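Let me begin by presenting the structure, written as structure tokens, before commenting on it.
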Amino acid sequence: MKKIVFSIGGSVLVPSLESNNIKKYSSALQEIAKSYQVFVVVGGGGEARRYINAARELGIDEATSDELGIMITRINASLLMWALGDSAYPCIAKNYSEVKQFAESKKIVIMGGVTPAQTTDAVSAVLAESLGADLLINATSVDGIYSADPKTDSNAKKYDYLTPDELLSIIKDDRMVAGANNIIDLVAAKVVQRSRVPMLVLDGRNIEIISNALLNGTITGTVVSFDKKNPITR
Ligand code: UTP
């Protein structure tokens, strides 16, 4: 079976606790897991940012604030794991070797953050590299990668396809602080470049975009890879 690593932003999975997308994701992932071996890295979203801001106001340093963010990613990851019931391995992996160990169960394996000074995008890129995954899907709250922030720049252009080098030149000026809200973190982009695992960045708020990509090969989003072939049907 092909291996797929998902990076699901906290703002996509749990935009708020009251109206979250856990149920939709757990049904879609169960369907996808019939055709692919599935690994999921869950982000912290707005809740992580709220804790990090509170920590910063208390004068707590960035690395320790990152630890708070990691705890929230694992709470979000646990919600998804328990919603998946028997389809998921019943423990959140804390590192990459645990993921490999848990994957022997053939169930969906879930993790959150791992270590300070990065985001779950980096975790998912490293995981994809260490598993030799066929595809990394970054489910985020924008519909792809743009030349500039489309919320503030009306001339921003969306890319259907980028090489990893082009991605790196777009994001090279992003700041790295706890809770930063960049489209893809720099570590993630560098790991995608060296691992050569194709990455698909798509709007995870619309779960059909993911199902259409994986189950019919119809891609809506930005493909980051060294060749222009469809990374799903290649
Ligand atoms: P993420 O930035 O990965 O959350 O982690 P997210 O949900 O993907 O963000 P959205 O939803 O796409 O906007 C939240 C914070 O947790 C810390 C960082 O401070 C990060 O900003 N973190 C996470 C780490 O320090 N290390 C990790 O491995 C993961």
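The residue pairs whose first member lies in segment 89-104 and is polar (S, T, N, Q), whose second member is not in a strand (DSSP E or B), and whose beta carbons are closer than 8 Å, counting only pairs six or more residues apart or on different chains, are Asn95/Val114.
State all residues of segment 132-150 that are in a loop (DSSP other than H, G, I, E, B) and without any contact (Cβ under 8 Å) to a residue 60 or more places away in the chain; if no residue qualifies, say none. If you could, list the steps in order and put the result at the bottom.
Within segment 132-150, the first condition is being in a loop (DSSP other than H, G, I, E, B), and the residues that meet it are 132-134, 141-144, 147-150.
Within segment 132-150, Ser147, Ala148, Asp149, Pro150 meet the criteria.
Quick check on my filter: what residues within segment 149-197 are modelled with pLDDT under 95 and polar (S, T, N, Q)? Scanning segment 149-197 gives Thr152, Ser154, Asn155, Ser169, Asn181, Asn182.
In summary, Tyr51 fulfils each of the numbered conditions (1) touching a Leu at 6+ places or on another chain (Cβ under 9 Å); (2) away from the ligand (no atom under 16 Å from the Cβ) with the single exception of condition (2). Condition first: of a type outside the set (A, V, I, L, M, F, W, C), within 11 Å of the ligand (Cβ to nearest atom), open to solvent by less than 50 Å² (accessible area, probe 1.4 Å) and touching a helix residue (DSSP H, G or I) at 6+ places or on another chain (Cβ under 8 Å). Can you find one or more residues in segment 71-80 that meet it? Among the residues of segment 71-80, at least one is of a type outside the set (A, V, I, L, M, F, W, C), within 11 Å of the ligand (Cβ to nearest atom), open to solvent by less than 50 Å² (accessible area, probe 1.4 Å) and touching a helix residue (DSSP H, G or I) at 6+ places or on another chain (Cβ under 8 Å), which makes the answer yes. Checking each residue in segment 180-234 for being touching a strand residue (DSSP E or B) at 6+ places or on another chain (Cβ under 7 Å), in a helix (DSSP H, G or I) and over 17 Å from Asp134 (Cβ atoms) picks out only Ile209.
Would you say Ser35 is more than 9 Å from the ligand (Cβ to nearest atom), surrounded by fewer than 16 Cβ atoms within 10 Å (Cβ to Cβ) and of a type in the set (Gly, Ala, Ser)?
yes
Here is a yes/no grid of residues against (1) assigned to a strand (DSSP E or B); (2) closer than 15 Å to Val12 by Cα; (3) in contact (Cβ under 8 Å) with a residue 60 or more places away in the chain:
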residue: Ile52; (1), (2), (3): no, no, yes
residue: Gly59; (1), (2), (3): no, no, no
residue: Ser65; (1), (2), (3): no, no, yes
residue: Thr73; (1), (2), (3): no, yes, yes
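In the condition set (1) surrounded by 24 or more Cβ atoms within 10 Å (Cβ to Cβ); (2) closer than 27 Å to Thr233 by Cβ, Gln30 is compliant with all but (1). Scanning segment 1-22 for residues that are within 8 Å of the ligand (Cβ to nearest atom) and in a loop (DSSP other than H, G, I, E, B) returns a single hit, Gly9. Restricted to segment 100-126, and to residues there that are outside any helix (DSSP H, G or I) and open to solvent by less than 10 Å² (accessible area, probe 1.4 Å), the residue that is nearest to the ligand (Cβ to nearest atom) is Gly113. As a summary of the residue check, Ser154 satisfies the conditions (1) out of contact with any Lys or Arg (no Cβ under 8 Å at 6 or more places or on another chain); (2) part of a loop (DSSP other than H, G, I, E, B); (3) closer than 30 Å to Ser78 by Cα except for the one numbered (3).
The values are calculated or read from the model by the stated rules, or taken from the named source; none is laboratory data. Values in this document were obtained by computation on a predicted structure and should not be read as measured data. So basically every Cβ, Gly included, is an ideal-geometry build from the backbone, and we count neighbours across all protein chains shown. Areas reflect the complete protein model, heavy atoms only, side chains present, ligands, DNA and RNA absent. Shrake-Rupley method; radii C 1.70, N 1.55, O 1.52, S 1.80 Å.
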